[in-house]
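> Quick one: this structure, given as structure tokens, is what I'll be asking you about.
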Amino acid sequence: MDYPQGQDFTDLATLQLAYDRLLHQAQHQAAFLGTASHELRAPINQIISLHQLILEDLCENPAEEREFIAQANQTIQTVLKNLDLLIALSKLDIGTVQPRLQPTFLEPLLTRVQRRIEMQCINRHCRFSLGPVESSLAVQTDATWLEQGLVMLIEAALAQGSPQISLTVADDPAADEVVLHLGANAGEAIAPAAAALSPEFRYQLVARLVPHLGAVLESFSSADNPNTHLGLRLPRPIA
């Protein structure tokens, strides 16, 4: 049998490129897992501390004890909600759950987003404005996941103390995509709630989500004020 002489450097280069990509992906996954663990660990530690105060009889009276129990209960509910979100996203990543991509009208979807965040905006003295949307304008997406992603982006801007947030639609009939623009004026970050996800982690979650929707998340922000102007490119419905 005649064996080939030398090496096929083209194949070696392809294997090296694949290896480098897998290594980069593994490192990215490890960093994401570390961040997610930190985001969940902090509120769990707070719950343990509240329970420790109760167990060691350090409460001044029964009313304070009940208050600590209520705080712990509220925190664990938020932790479970965040954990459910991470599990759902992981199922998208590994393919056990597929997004339901279908023609979706933007106007009712963006109106639902506005209703979900308007009270948070009022409580934080932030003015939220939603630009006009043609009632017939549709995109190819999973409505539930797109709505969740937009809410997370707005909540992240709120947590960074933005006094004004805008969500507008850029529709070029000649383009294959519809672009949502999210603008947020720079503000002073406020102290987050105990179990709230950090703004940076919310952006990471949305960045992981949008490829599953066939969308692209872009940043037009400056280095000094990251994530103050984001663009979300969404495909039009498949003809």
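> Report the dimensions of the stretch 9-94 along its three principal axes from the alpha-carbon atoms, largest first, rounded to Å.
76, 22, 11
> Next question. Under 1.5 on a/c is rounded, so check that first for the stretch 47-132, then, if it is not, pick prolate when a/b is larger than b/c and oblate when it is not; a ≥ b ≥ c are the square roots of the alpha carbon gyration tensor eigenvalues.
oblate
> Now, a different point. Counting other beta carbons within 10 Å of each residue's own, what order do 24, 51, 181 fall into, fewest first?
24, 51, 181
> Antiparallel as a % of all DSSP beta bridges within the chain, to the nearest 5?
Just about 85 percent of them are antiparallel.
> Moving on. Arrange 75, 35 by Cβ neighbour counts within 10 Å, fewest through most, would you?
Ascending number of Cβ neighbours within 10 Å: 35, 75.
> Residue 239 label point, 7 Å along Cα→Cβ, cut-off 20 Å on backbone N: hits in the stretch 117-146?
136-141
> First obtain the Kirkwood hydrodynamic radius of the chain from its Cα pairs, then insert it into the Stokes-Einstein equation at 37 °C and 0.692 mPa s, and state the resulting D in µm² per second as a whole number. All intermediate terms of the calculation are to be shown ahead of the outcome.
Details: Rh = 20.8 Å.
Result for D is 158 µm²/s.
> Taking the Cα centroid of the stretch 204-220 and of the stretch 19-36, what is the distance between the two, rounded to the nearest whole Å?
Using only Cα atoms to place each centre, the spacing works out to 17 Å.
> Please identify, among 47, 94, 76, the residue showing maximal mean-square fluctuation in a Gaussian network model of the chain using a 10 angstrom Cα cutoff.
It is 94.
> Are there DSSP H segments in the chain that both extend 27 Å or more along their axis (alpha-carbon positions) and score a mean Kyte-Doolittle hydropathy of at least -1.0? List them, or say none.
Numbers: long enough: 9-55 (67 Å, 0.22); 62-94 (48 Å, 0.12).
What comes out of the filter, once short or polar helices are dropped, is 9-55, 62-94.
> Which residue fluctuates the most in the chain, going by a Gaussian network model with Cα springs under 10 Å, if the choices are 68, 201, 105?
68
Throughout, read-outs are computed from the coordinates displayed, never taken from laboratory work. Since the model is a prediction, treat every value here as computed from it, not as a measurement. Cβ coordinates were reconstructed from backbone atoms using ideal geometry, including for glycine residues, and neighbour counts include every protein chain displayed.
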